[in-house]
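Q: Here it is, the structure, as structure tokens.
The values are calculated or read from the model by the stated rules, or taken from the named source; none is laboratory data. For clarity, every value in this text was computed on a predicted model and none was experimentally measured. Note that we place each Cβ from the backbone using ideal geometry, even for glycine, and neighbour counts take in every protein chain shown.
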């Protein structure tokens with residue numbers, strides 16, 4: 001439990017909603033800074049106070065937190081990397097955001113997110129792990145639904161897991177799609193769902209493997225799957241989704257399991273110390 005008022009920086013997707021609802025169940029007062037055109041408007045009903053800002057309006061977001069006495073915050077939800085390549089006018093960059101971007105040595109995920117964390121820390125706001133108020137979102141190993149992978153798919157999972165860890169180490173992405181121990185697609189800036197669909201254009205029956213980076217910072221970019229992921233799997237005619245157990249956020253777990261079963265897709269958590277298909 002955070003001390004005092006908890007801040008929430010809300011981006012795209014269902015994760016900010018789950019974080020806010022979890023905090024409310026625990027009696028935590030929450031003040032939200034929500035990103036316009038990204039955050040779900042439903043977040044307004046889940047928090048005590050909300051300020052809507054454009055992505056580049058850093059000063060307005062910080063001012064809202066300071067007024068509410070926020071000293072700890074959670075950053076949840078996607079901010080598609082593509083938006084960083086828009087012109088500064090559409091991002092509404094203020095002086096603080098411009099300085100932050102100009103100080104980046106590159107635009108890798110870790111570089112950007114660590115710079116944001118340091119920026120917030122310098123202003124007296126500490127980022128907490130994304131799952132700090134929702135530890136139940138990190139499933140243990142084993143199938144989520146009724147389907148389990150075949151021995152051949154287990155071998156693909158083990159093969160893909162090691163490759164996914166390598167691309168994570170290079171901060172390229174967290175997901176690979178493999179079939180018959182060949183790589184069909186590697187996630188890059190386009191995101192997991194787009195990489196899955198790209199693999200589906202090459203071959204049906206792929207095994208999707210999603211992992212945490214070897215030096216994953218729990219404050220941001222924690223691997224996350226949900227119903228949108230299952231829909232991408234269905235469109236790509238994929239057969240398996242394996243994720244790193246205890247390190248991957250699964251949103252709407254029961255709904256994910258039901259939908260995956262209906263689509264004939266095995267979804268399972270994998271213990272990195274007990275990779276399928278290995279001794």
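Q: Pull up the range 81-102, narrow it to residues that are modelled with pLDDT under 80 and part of a loop (DSSP other than H, G, I, E, B), then point me to the one that is farthest from residue 11 (Cα to Cα).
A: 87
Q: Only one of (1) outside the structural domain of residue 20 (by TED's automatic domain parsing); (2) surrounded by fewer than 20 Cβ atoms within 10 Å (Cβ to Cβ); (3) touching a residue at least 12 places away in the same chain (Cβ under 8 Å) fails for residue 182. Which number is that?
A: Exception for residue 182: condition (3).
Q: Sort through 61, 13 and tell me the only one that's within 22 Å of the chain's Cα centre (by Cα) and buried (at least 20 other Cβ atoms within 10 Å of the Cβ). Can you show your working first?
A: Numbers: 13 fails: buried (at least 20 other Cβ atoms within 10 Å of the Cβ).
Exactly one residue qualifies, and that residue is 61.
Q: While we're looking at this one, here's another question. Let me confirm something: among 238, 260, 242, 255, which residue is part of a helix (DSSP H, G or I), surrounded by 17 or more Cβ atoms within 10 Å (Cβ to Cβ) and at pLDDT 95 or above?
A: It is 260.
Q: Sort through 277, 269 and tell me the only one that's under 16 Å from residue 148 (Cβ atoms) and modelled with pLDDT under 95.
A: Residue meeting the stated conditions: 277.
Q: Separate question: Looking at the range 1-59 only, could you name the residues that are touching a helix residue (DSSP H, G or I) at 6+ places or on another chain (Cβ under 6 Å) and modelled with pLDDT under 90?
A: Selection gives 55, 56.
Q: Can residue 144 be described as farther than 12 Å from residue 244 by Cβ and at pLDDT 95 or above?
A: Values: farther than 12 Å from residue 244 by Cβ: yes; at pLDDT 95 or above: yes.
Against the criterion (farther than 12 Å from residue 244 by Cβ and at pLDDT 95 or above), residue 144 qualifies.
Q: Given the criteria part of a loop (DSSP other than H, G, I, E, B), outside the structural domain of residue 173 (by TED's automatic domain parsing) and surrounded by fewer than 12 Cβ atoms within 10 Å (Cβ to Cβ), does residue 105 qualify?
A: Spelling it out, residue 105 is indeed part of a loop (DSSP other than H, G, I, E, B), outside the structural domain of residue 173 (by TED's automatic domain parsing) and surrounded by fewer than 12 Cβ atoms within 10 Å (Cβ to Cβ).
Q: Specify the residue that is nearest to residue 251 (Cα to Cα); the eligible residues are those in the range 119-128 that are in contact with a helix residue (DSSP H, G or I) (Cβ under 9 Å, 6 or more places away or on another chain) and surrounded by fewer than 18 Cβ atoms within 10 Å (Cβ to Cβ).
A: As a first pass, look at the range 119-128 and keep what is in contact with a helix residue (DSSP H, G or I) (Cβ under 9 Å, 6 or more places away or on another chain): 119-120, 123-127.
Going one step further and asking which of them are surrounded by fewer than 18 Cβ atoms within 10 Å (Cβ to Cβ), we end up with 119, 123-124, 126.
On the way: 119: 29, 123: 31, 124: 30, 126: 25 Å.
Looking at the filtered set, the residue picked out is 126.
Q: Could you list, in sequence order, the residues of the range 265-276 that are assigned to a loop (DSSP other than H, G, I, E, B) and in contact with a helix residue (DSSP H, G or I) (Cβ under 9 Å, 6 or more places away or on another chain)?
A: 265, 272, 275, 276
Q: Turning to a different aspect of this structure: With the condition kept exactly as written, say whether any residue in the range 200-220 is in a helix (DSSP H, G or I) and at pLDDT 95 or above.
A: Kept after step one, since they are in a helix (DSSP H, G or I), are these residues of the range 200-220: 200.
Restricting the remaining residues to those that are at pLDDT 95 or above gives 200.
Scanning the range 200-220, I find at least one residue that is in a helix (DSSP H, G or I) and at pLDDT 95 or above, so the answer is yes.
Q: Exactly one condition in (1) in a helix (DSSP H, G or I); (2) more than 21 Å from the chain's Cα centre (by Cα) is false for residue 28; which is it?
A: Every listed condition holds for residue 28 apart from (1).
Q: Condition first: touching a helix residue (DSSP H, G or I) at 6+ places or on another chain (Cβ under 6 Å) and surrounded by fewer than 24 Cβ atoms within 10 Å (Cβ to Cβ). Now tell me which residues in the range 187-218 satisfy that.
A: Result: 189, 193, 197, 213, 214.
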